[in-house]
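Single-structure report; data block below.
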Amino acid sequence: MTSTNDIRRSFIDYFAGHGHATVPSAPLVPYNDPTLMFVNAGMVPFKNVFTGLETPPGPTAVSSQKCVRAGGKHNDLDNVGYTARHHTFFEMLGNFSFGDYFKEQAIEHAWTLLTKEWGLPAERLTATVYHTDDEAYDLWRRISGLPEDRIIRIATSDNFWSMGETGPCGPCSEVFYDHGDHIPGGPPGSPDEDGDRFIEIWNLVFMQFEQSADGTRADLPKPSIDTGMGLERIAAVMQGVHDNYDTDTFRELIAASESLTGVAAEGDRRASHRVIADHLRSSGFLMADGVLPSNEGRGYVLRRIMRRAMRHAHLLGAQEPLMHRLVPALVTEMGQAYPELQRGQALIEEVLQREETQFRRTLEKGLRLLDEETAGLGEGGELAGETAFKLYDTYGFPYDLTEDALRARGIGVDREGFEAAMERQKAAARAAWKGSGEAADGELWFDIAEREGSTEFTGYSATEGEGQV
Ligand code: ATP
Ligand code: MG
Ligand code: MG
Ligand code: MG
């Protein structure tokens, strides 16, 4: 079996062998891009290169980029534990051409690597093109020899990428792997494409136009290539498993979680172990890159991820803080490729333990309240927004944790009611502030700042910049 670590290496070696400059992963916190919460695609560190503001590391480059998709436009948090293919933290393998090669060579490289170097059977692969992109369609036909019905024209934004309202944009081609008809789901473009049978493994973006503020598109003088392949998804394919969570790395992390909790990852316990393994990775990597839990912005996203994992640990019956004890397994699996994990190990363990110790003080009481308030609710029921807010405010339950906790029972949360309760409290705090006279009450100020911050993050992500489509 080819290990995930070997596959990463093999991808980089292939493109380095074809003259691409090897670029190490950038940190998860984007430098120089206040519109984006976390790096969420391999092209993000190259944004300024594509727009011409920075010089490229070479005419072509290859990287394996750490990505987090847990907020904003790309939010896969709610998918984790429930689909075979989504993580909050994952690695995106990518090859890039900065005005060097274009569509033809990008498709050639992709096809050669997948079917010749790695030996994937062509009959399992399907490609998509943007519906008007005849050039890409013809190239796929000629280079891959795929039959016409396995090169699918797609008219949605799934196959048209843009960096933002203005700037570089262009059509893209996605490559899908068919895991077999025993798995529910249809081919791309079909009504049940969201199933997990045909899994998107690689996205090739053909940056070909420059979009101006008035919506017109001009040809870019030097068309460019940006590709992204999920390492965990290609690892599943190459290891002969359907599910990312059955690959070597995840099996080790889940085994560690099973052995510490004494609970097998089976039946309705499976999702909890998956959430724990996934969130261990995102929390660990975020802290290794300098993010610490807090009540606003990036730190609050991290706290939400951590607390969610901690609730699942509690659900598995863990009596003591668990997450920090899983860090050694993470470092064993990924510390060689990412030495920042080794350097950060002590800090990551300490922060996780402190957070979990703190959160456990209110977790149980909050869950009891949640049970009481939902006792009369069946599937399709809804928790009052006021209660969700109390859980947030008094027991430190991030909104999405409450949602996640009720999901298995088919109960929703009144989001508007939650936000209205939050609004009321902010207004009350503002009124109290006015009444306190000229001298600012330190504690109250801090309180308001924290609350403003923790809600601000929703607005922040609404204007978030874009990674890949
Ligand atoms: P999907 O449609 O499956 O959500 P996507 O179209 O959002 O994927 P892209 O933005 O095109 O994904 O990212 C490029 C590649 O990164 C994808 O083809 C996939 O292999 C991988 N990828 C994207 N999101 C995730 C995720 N949450 N977890 C693991 N891999 C991912
Ligand atoms: Mg997606
Ligand atoms: Mg997609
Ligand atoms: Mg895609």
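The values are calculated or read from the model by the stated rules, or taken from the named source; none is laboratory data. Nothing here was measured: the structure is a model prediction, and the numbers come from that model. Glycine also receives a Cβ, built like all others from the backbone with ideal geometry; neighbour counts cover every protein chain displayed. Areas reflect the complete protein model, heavy atoms only, side chains present, ligands, DNA and RNA absent. Shrake-Rupley method; radii C 1.70, N 1.55, O 1.52, S 1.80 Å.
According to the Cα-based calculation, Rg over Rh for region 166-238 is 1.13, with Rh computed by the Kirkwood formula.
Taking a quarter of the surface of the Cα convex hull of region 187-313 gives a mean projected area of 12.5 nm².
Working note: Debye formula, equal point scatterers on the alpha-carbon atoms of region 64-109, no solvent; log10 I(q)/I(0) at q = 0.16, 0.18, 0.21 Å⁻¹ is -0.61, -0.69, -0.76. Which of rounded, prolate, oblate describes region 230-386, given a ≥ b ≥ c as roots of the alpha-carbon gyration tensor eigenvalues and a/c under 1.5 marking rounded, otherwise prolate only if a/b is larger than b/c? Oblate, since a/c reaches 1.5 and b/c is not below a/b.
Can you give the log10 of the normalised intensity I(q)/I(0) at q = 0.13, 0.14, 0.25, 0.31 Å⁻¹, computed with Debye over equal Cα scatterers of region 270-316? Log-scaled intensity ratios, in q order: -0.27, -0.31, -0.83, -1.06. If you wrap the Cα atoms of region 300-345 in a convex hull and average its projected area over all directions, you get 3.7 nm². According to the Cα-based calculation, Rg over Rh for region 337-403 is 1.19, with Rh computed by the Kirkwood formula.
So for region 26-70, what are the equivalent ellipsoid semi-axes in whole Å, largest first, each being the square root of 5 times an eigenvalue of the Cα gyration tensor? In descending order the semi-axes read 19, 13, 7 Å. Projected onto their three principal axes, the Cα atoms of the chain cover extents of 70, 53, 45 Å, largest first.
The calculated FRET efficiency for Glu416 paired with Arg368, based on their beta-carbon distance and R0 = 30 Å, is about 0.75.
Measuring only protein heavy atoms, the 1.4 Å probe finds Glu333 accessible over about 40 Å².
Computed over region 1-81, the Cα gyration tensor eigenvalues convert (square root of 5λ each) into semi-axes of 23, 21, 8 Å, ordered from largest to smallest. Against the chain, whose longest principal axis comes from its Cα atoms, helix 248-261 is set at around 20 degrees.
In summary, the lysines within cross-link reach of Lys390, defined as a Cα separation below 24 angstrom excluding same-chain residues under 8 places away, comprise Lys365, Lys426. Between helix 442-462 and the chain there is an angle of about 30 degrees, using the helix long axis and the longest principal axis of the Cα atoms.
Taking every protein chain into account, the accessible area of the chain amounts to 42 square angstrom per residue (probe 1.4 Å).
Each Lys and Arg Cβ is given +1 and each Asp and Glu Cβ -1; about its Cα centre, the chain then shows a dipole of about 860 debye. The calculated FRET efficiency for the pair Leu146 and Asp214, based on their C-beta separation and a Förster distance of 35 Å, comes to about 0.35.
Volume per residue of the convex hull around the Cα atoms, evaluated for region 313-370, comes out as 82 Å³. Around the amide H of His87, modelled in the peptide plane, lies no amide H under 5 Å away from a residue 5 or more places distant or on another chain. The apolar share of the surface of region 222-290, taken as the fraction of accessible area on carbon and sulfur atoms (1.4 Å probe, ligands and nucleic acids excluded), comes to 42 percent. Give me the distance between the Cα centres of region 1-51 and region 162-182, rounded to whole Å. Their Cα centres are 17 Å away from one another. Derived from the Cα gyration tensor, the three semi-axes of the equivalent ellipsoid of region 1-160 are 26, 20, 19 Å, largest first.
On the basis of the beta-carbon distance and an R0 of 45 Å, Asp33 and Asp192 show a calculated FRET efficiency of 0.80. Taking every DSSP helix (H) stretch of at least 4 residues in the chain, weighting each as -39,500 (n - 2.57) and dividing the sum by the residue count yields a mean residue ellipticity at 222 nm of -14000 deg cm²/dmol. Relative to the longest principal axis of the Cα atoms of the chain, helix 297-315 runs at roughly 80 degrees. The Cα atoms of region 74-179 cover 39, 37, 26 Å along the three principal axes, with the biggest extent listed first. The Cβ shell under 11 Å around Phe198 holds other residues with a net charge of -4, Lys and Arg each +1, Asp and Glu each -1.
Roughly speaking, to the nearest percent, how much of region 1-102's 1.4 Å accessible area is carbon and sulfur? That fraction is 53 percent.
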